[in-house]
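Read through the structure below, which is laid out as structure tokens, and then see the notes.
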Amino acid sequence: MKQIVVISGKGGTGKTVITGAFAALAKNKVMADCDVDAADLHLLLQPRIKERHDFRSGLSASIDKKICRQCGKCIAACRFSAIKRGGSTSGGDAIGDGFVIDRISCEGCAFCSHICPVGAIKMEENLAGEWFISETRFGPMVHAKLGIAEENSGKLVSLVRKKAKEVAENNNCDWVIIDGAPGIGCPVIASLSGIDYAVVVTEPTLSGLHDALRVIEVTEHFNVPSRLVINKYDLNPDMSKKIEEHCAKNGISLIGKVRFDKTVVEAMVEGKTIMEYKDTPVKDEICSIWEKLQA
């Protein structure tokens, strides 16, 4: 079983389009959407949810109003001003007689639970999102949705990766195709662990090259072989040529270029991958990239 992750140094380069095309081309595979902060692979693959699970991570304070003596020590100790007397706050719960904990302001440091003389404050695990095992027209898919303003997206990515691998092993699949997050942060690092190949998608701009080189440095740090794809290369041929020259000079493997084509957008509007849509040179270019990855 081989695991391939499609990533990019910045958002909007077209990695989800490439991932969706790979999902249509690959045989006997599992798909995973590890861009949990802004998941969108489901818009192309239209999964039918079979299993739904809660994702819990991080802690928030909670006060037992039956024990609380309203001494105010927790208010004085909280450096985040997450505990107040009276009124209400966004996302807050009125606790005791007028005590309020703002769950958005609460950082889960637990200092208030240690300072409370009667042990009225407990730390409770947050419901931070959901993760799903679904079925698509191309096979199984594992994906997730991180809650608004919730943390630990890297932890959720690791969970999605783990479950996708389990599904692949249980079904004797040959591939796990992963749509990764953009950038070089924690979700990307979590997406790269134990991966066989990383496909880095960039666009022909100076910022696109700069950010692609940053994410390639991350793949090298974790000893993950990377391959570069230039998407919409014909929008800036001069910059595309500079990227090719840079790759040749620095030993970066460029495995393909994909032209700009309005039919890609038309396919997305209809909820289809480009491989299911009209015949276009883009399909041949992506097929060539996939064949090189298989080889």
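Each reported figure results from applying straightforward, stated rules to the coordinates on display, with no laboratory input. These numbers were taken from a predicted model, which means no experiment stands behind them. Heads up, the Cβs are rebuilt from the backbone with ideal geometry, glycines too, and the neighbour counts pull from every protein chain shown.
Here are the numbers for this structure:
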| read-out | value |
| --- | --- |
| Reachable aspartates and glutamates, given that their alpha-carbon falls under 16 Å from the alpha-carbon of residue 242 and they are not under 8 places away in the same chain | 203, 211, 234 |
| Estimated FRET transfer efficiency when R0 is 45 angstrom, pair residue 66-residue 135 (beta carbons, to 0.05) | 0.45 |
| Helical contribution to [θ] at 222 nm, DSSP H n ≥ 4, -39,500 (n - 2.57), averaged over the chain, rounded to 500 | -10500 deg cm²/dmol |
| Residue 169/residue 214 FRET efficiency (R0 41 Å; Cβ-Cβ; nearest 0.05) | 0.80 |
| Out-of-range pairs (alpha-carbon distance over 27 Å; input 241/262; 15/155; 10/241; 27/292; 29/272; 145/292) | 145/292 |
| Cross-link reach list, lysines versus residue 73, counting only Cα pairs under 23 Å and skipping chain neighbours closer than eight places | 65, 84, 122 |
| Contact order relative to length of the chain, as percent, for alpha carbon pairs under 8 angstrom and 6 or more apart | 27 |
| For the stretch 137-213, the fraction of alpha-carbon pairs in successive 5 Å shells from zero, as % | 3, 13, 22, 22, 17, 14, 8, 2, 0 |
| Extension reserve of the residue 234-residue 266 stretch, reckoned as 0.36 nm per residue once the Cα distance is removed | 9.6 nm |
